[in-house]
Amino acid sequence: RSGYLWIATSDGLARYDGIGFRLWRAEQGLRDNFVWAVHADARNRIWIATMTGLAMLDVDRKQVRYYDRANTPGMGDDIIWTVTSTPDGAIWFGTPFGGLHRMDADGKVTRFMPREGDPRSLPDAEVGQLLVAPDGTLWVGTKGGVARWTGRGFERMPAHALASPLVN
């Protein structure tokens, strides 16, 4: 949004401004230095997927707020693999064991898990990829296939559409 390139690394969060880097590590407020993914939302907040929860760096880049199972009802896992936002302002994040989560503007978290026999549910609890298409559609990549969020449930891609259902 301000011309910065945000980079998730195993040694913290990096921001490149075209000339140099600024790093955020445990010393600057992160709980740990292993960052799986990073996302800048429409409000210019930076969302950080870590091994110990979901972190949000405020717009002034001074404070980090953490969301984890201890302080956020509805979270199914503290390890966050991926994070994005949709045009409605919701923050979506995926975990290796706890499924997909949607955080509303008020901080309420809704958790989505696969349900046996329900083709409108998430294909798998291991969510490794999230992508918002130009039309605002959320696509979810799991270890059991790909699905599209319809606003009420998930529409799974047919099994034959991919060479493998495993999406990393």
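Please work out if Asp41 is of a type outside the set (A, V, I, L, M, F, W, C) and within 20 Å of Ile91 (Cβ to Cβ). Criteria met by Asp41. Of the residues making up region 113-127, just one is more than 20 Å from Gly74 (Cβ to Cβ) and in contact (Cβ under 8 Å) with a residue 40 or more places away in the chain, namely Pro123.
Examine region 28-35 for a residue that is under 15 Å from the mean Cα position of the chain (by Cα) and at pLDDT 95 or above, and state whether such a residue exists. Yes, because at least one residue in region 28-35 is under 15 Å from the mean Cα position of the chain (by Cα) and at pLDDT 95 or above. Would you be able to say whether some residue in region 98-111 is in contact with an Asp or Glu (Cβ under 6 Å, 6 or more places away or on another chain) and within 16 Å of Leu54 (Cβ to Cβ)? Yes, region 98-111 contains at least one residue that is in contact with an Asp or Glu (Cβ under 6 Å, 6 or more places away or on another chain) and within 16 Å of Leu54 (Cβ to Cβ). Is one or more of the residues making up region 40-59 at pLDDT 95 or above, assigned to a strand (DSSP E or B), open to solvent by 20 Å² or more (accessible area, probe 1.4 Å) and out of contact with any Leu (no Cβ under 9 Å at 6 or more places or on another chain)? Within region 40-59, one or more residues are at pLDDT 95 or above, assigned to a strand (DSSP E or B), open to solvent by 20 Å² or more (accessible area, probe 1.4 Å) and out of contact with any Leu (no Cβ under 9 Å at 6 or more places or on another chain). Pairs linking a residue in region 15-33 that is under 10 Å from Ile48 (Cβ atoms) to a residue that is surrounded by 15 or more Cβ atoms within 10 Å (Cβ to Cβ) and among the basic types (Lys, Arg), with Cβ atoms under 8 Å and 6 or more positions apart or on different chains, are Trp24/Arg15. Residues in region 1-36 that are closer than 12 Å to Leu57 by Cβ, open to solvent by 70 Å² or more (accessible area, probe 1.4 Å) and not in a loop (DSSP other than H, G, I, E, B): Arg22, Gln28.
How many residues are farther than 14 Å from Ile79 by Cα and open to solvent by less than 30 Å² (accessible area, probe 1.4 Å) when one looks only at region 60-69? Count: 1.
The values are calculated or read from the model by the stated rules, or taken from the named source; none is laboratory data. Keep in mind the model is a prediction, meaning the values are calculated, not measured. Note that we place each Cβ from the backbone using ideal geometry, even for glycine, and neighbour counts take in every protein chain shown. Note: accessible area is taken over every heavy atom of the protein model, side chains too, but ligands, DNA and RNA are not part of it. Shrake-Rupley method; radii C 1.70, N 1.55, O 1.52, S 1.80 Å.
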